[in-house]
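No value in this document is a laboratory result; all are computed from the given coordinates. Please read these numbers as outputs of a predicted model, since none were measured by experiment. Virtual Cβ from ideal backbone geometry, glycine too; neighbours counted across all protein chains shown.
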Amino acid sequence: RIIRDLKKGENSVYLSHSKLQGMSNEQRYQILNTAIENGYKVDDAFWDCYPTNEERKRAIKEYQVKQTVEAFIKQHQLLAPDGTVLVAISGGADSVALLHLLHSLGYKVSALHCNFHLRGAESDNDQLFVEKLCHELDVKIETTHFNTMSYAKNNGMSSQWHTKYYLS
C-alpha cells in the first residue's frame, strides 16, 4: 500500500516508526527507492527504524552501494533496463553478491551455473546452494555439467588445463 501511494503521487506519505520496524530490509529498500524515484524527500527519520546502530550503518552502506552501482550501470549504459541479465554464478561470494544486487535493483536476471565435478560433494553442494538461492529469488537457473576429469583423462590433459583452455 505504501508503494502504491508513493507511485500515485500522494502529497505526503507518513511512515510510522513501528510500521517500518515491522518490515524486512528488502521492503524498506523498495519503499526508499520508490520514494526517491517519485521525487520524495527521505529524511533521517527513515533510518531510525533500525533497532541498532550497527544495523542502521549497514543499511545505509548497502543503500549507498546499490545507488553507486545503479548510477554506474546507467552512466555507462551497461545493461538494458528491460532486458534480461545472465549471471554466471559459482556459489562463491562475488557471484552471489552480484546476483542479489542486480535482482534487488529490479533487473530481470537469469543464472547459469557450471558444475565441473572437480571437488566431489563440494561441487554438488555449490550447485544445490545456487539452485536454492535462485528458487528463493524466483530467478530462472540453468545448470550445465562437465565431466572434466573423464574428458581430461581421455584426451591426455590435466583437469586444470581442460577447465582453463577448453571452456574459454
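Using a simple spin-label model with pseudo-atoms 7 Å out from Cα toward Cβ, Val96 and Phe129 lie 0.5 nm apart.
Scalar couplings 3J(HN,Hα) for region 119-130, obtained by applying the Karplus form with A = 6.51, B = -1.76, C = 1.60 to θ = phi - 60°, are 10, x, 4, 4, 4, 5, 5, 4, 4, 4, 4, 5 Hz; x denotes Gly and Pro. Given their separation in residues at 0.36 nm each and the Cα-Cα distance between them, Lys140 and Phe72 gain 22.0 nm when the chain is fully extended. Once the C-beta distance of Met157 and Thr52 is scaled by a Förster radius of 45 Å, the resulting FRET efficiency is 0.25 to the nearest 0.05.
Residues whose amide H comes within less than 5 Å of that of Val85, counting only those at least five positions distant or on another chain, are Lys108, Val109, Ser110 (H built at 1.01 Å from N in the peptide plane). Residue-wise HN-Hα couplings along region 64-80, as the Karplus relation 6.51 cos²θ - 1.76 cosθ + 1.60 with θ = phi - 60° gives them from phi, are 4, 4, 4, 4, 5, 5, 4, 4, 5, 4, 5, 4, 9, 6, 6, 10, 6 Hz; Gly and Pro carry x. Label separation (Lys61 vs Glu122): 2.8 nm, computed from points 7 Å beyond Cα along the C-beta direction.
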